[in-house]
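In what follows, a structure is listed as structure tokens, so that the remarks can point back to it.
The values are calculated or read from the model by the stated rules, or taken from the named source; none is laboratory data. Remember, it's a predicted structure, so these values are computed and weren't measured experimentally. Cβ placement follows ideal geometry from the backbone for every residue including glycine, while neighbour counts extend to all protein chains displayed.
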Amino acid sequence: MNIGVNVHYIPVYLLPYYQHLGYEKGLCPNAEKSYERLISIPLYPSMTDEQVEYVIKCVKTALK
């Protein structure tokens, strides 16, 4: 399939700076659950229709 994905976001309080300030995992369980499950797929203005269709096809295949 060869599509790059990224972690959608990380809850801010899980970053090392905030961990150093005493924020701990478990503070916002819904945010953490979402963080563990979400990814970002390619989407940008210069994508061609063919690229968009390819991403759609690959996502559908992965979900089967």
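Among the residues of the range 35-51, count how many are farther than 12 Å from His8 by Cβ and touching a helix residue (DSSP H, G or I) at 6+ places or on another chain (Cβ under 7 Å). Number of matching residues: 1. One residue stands out among those in the range 26-51 that are in contact with a Pro (Cβ under 9 Å, 6 or more places away or on another chain) and not acidic (Asp, Glu): the one that is farthest from Asn6 (Cα to Cα), which is Leu27. Looking at Leu21, Leu43, Leu27, just one residue is surrounded by fewer than 12 Cβ atoms within 10 Å (Cβ to Cβ) and farther than 27 Å from Val59 by Cβ, and that residue is Leu21. Any residue that is surrounded by 10 or more Cβ atoms within 10 Å (Cβ to Cβ) and assigned to a helix (DSSP H, G or I) - is there at least one of those in the range 1-11? The answer is no, given that none of the residues of the range 1-11 is surrounded by 10 or more Cβ atoms within 10 Å (Cβ to Cβ) and assigned to a helix (DSSP H, G or I). Here Ser34 passes the criteria (1) hydroxyl-bearing (Ser, Thr, Tyr); (2) under 30 Å from Val59 (Cα atoms); (3) without any contact (Cβ under 8 Å) to a residue 24 or more places away in the chain; (4) part of a helix (DSSP H, G or I) except the one numbered (3).
Annotation note: Cβ proximity below 9 Å between a residue of the range 13-27 that is among the polar types (S, T, N, Q) and a residue that is loosely packed, with under 12 Cβ neighbours inside 10 Å and part of a loop (DSSP other than H, G, I, E, B) (sequence gap 6+ or interchain) occurs for Gln19/Lys25. Among the candidates Pro11, Pro29, the residue that is at pLDDT below 95 and within 17 Å of the chain's Cα centre (by Cα) is uniquely Pro11. The one condition from (1) part of a loop (DSSP other than H, G, I, E, B); (2) at pLDDT 95 or above that Pro42 does not meet is (2).
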